[in-house]
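Chemist: A single structure is presented below for examination.
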Amino acid sequence: MATVKEMRTRIGSVKSTQKITKALQMVAAAKLRRAQQATEAARPYAQCMSAIISNLAAGVSGPSAPPLLAGTGSDKRHLVIVATADRGLAGAFNGSIARAARQKIAALIAEGKDVKIITIGRKGRDQLRRQFGNRFLESHEVGLKSPALSLVQPIAKSILELYMSGQFDVVSLIYSRYKSVVTQIPTVKQLIPAEIEPGETRGVFYDYEPDEDTILEALLPQNISVQLLSAMLENQAGFFASQMAAMDNATRNAGDLINALTIQMNRTRQAKITTELIEIIAGAAAV
């Protein structure tokens, strides 16, 4: 059994850990508000971009359609972009994205597809490299600053160059969509060819100047950057929400452990005092 001194040392160690987890929880809570505001501000832009492309696509068909919309006519070669965070201590946030990526990649491989991977975030790179290291093309880090177009534009440019050079037929993005503080949903979105949802047109048709083909050729490359930025903002909000919840649980668990150790220490100390009293009384009685 541990001595009273050892228990005091352990209690002090747990209290130090509790201070760290409490501080991380407060920092994550402060950053979550700003990240949530940035995510909510970016969503309408990304949704309107998708709606405009859907409206334009309704008037474009056949060989005149841009390659980013029509595709290559094949789906043999896939590029999977996995967006996670650079840091951990956020519960199952990064793990859930990596799990969704593994399932998607494994399903494509089982269908006989040629799959390559680009990761955004160190955690996704570290988790997927163990199993799919030979399929990696690039790896990018998120950094400590809030995601911006200056970060995603080089990635989008690299993706477009790979696609236009004929190396891939389909490009998909996997990230975590922020729903609430307690819920983040791993999501798979197809970037190329651009997904067209019939509901986005709402039965409204427009005459465009210049023509639809010209506008789409300008919008579709920009849409890649917009969707990447939106996904990274969603990831950031989800990361801070997960980290806040994880550190709150860690702080509570540390408090429970401190209470349990304190009770055990008091019992050990009381038993030691009782033993000493018995020895003193027995010695006095013997005299």
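Chemist: Given the conditions (1) among the hydroxyl-bearing types (Ser, Thr, Tyr); (2) modelled with pLDDT of 90 or more; (3) in a helix (DSSP H, G or I), which single one is not true for residue 50?
Modeler: All conditions are met except number (2).
Chemist: Considering only the stretch 42-58, state which residues are closer than 25 Å to residue 236 by Cβ and hydroxyl-bearing (Ser, Thr, Tyr).
Modeler: 45, 50
Chemist: Something else about it: Within the stretch 76-107, take every residue that is of a type in the set (Lys, Arg) and over 21 Å from residue 158 (Cα atoms) and give me the one that is modelled with the lowest pLDDT.
Modeler: The extreme case among them is 87.
Chemist: Condition first: more than 30 Å from residue 33 (Cα to Cα), crowded, with 19+ Cβ neighbours inside 10 Å and touching a residue at least 60 places away in the same chain (Cβ under 8 Å). Can you find one or more residues in the stretch 262-275 that meet it?
Modeler: Among the residues of the stretch 262-275, at least one is more than 30 Å from residue 33 (Cα to Cα), crowded, with 19+ Cβ neighbours inside 10 Å and touching a residue at least 60 places away in the same chain (Cβ under 8 Å), which makes the answer yes.
Chemist: Return the only residue of 128, 144, 137, 151 being in the same structural domain as residue 35 (by TED's automatic domain parsing), assigned to a helix (DSSP H, G or I), free of Cβ contacts under 8 Å to residues at least 60 places away in the same chain and not β-branched (Val, Ile, Thr).
Modeler: 128 is the lone residue from the list that is in the same structural domain as residue 35 (by TED's automatic domain parsing), assigned to a helix (DSSP H, G or I), free of Cβ contacts under 8 Å to residues at least 60 places away in the same chain and not β-branched (Val, Ile, Thr).
The values are calculated or read from the model by the stated rules, or taken from the named source; none is laboratory data. The structure presented is a predicted model; accordingly, all values stated were derived computationally and were not measured. Don't worry about glycine lacking a Cβ; one is built from the backbone with ideal geometry, like all the others, and counts go over all protein chains shown.
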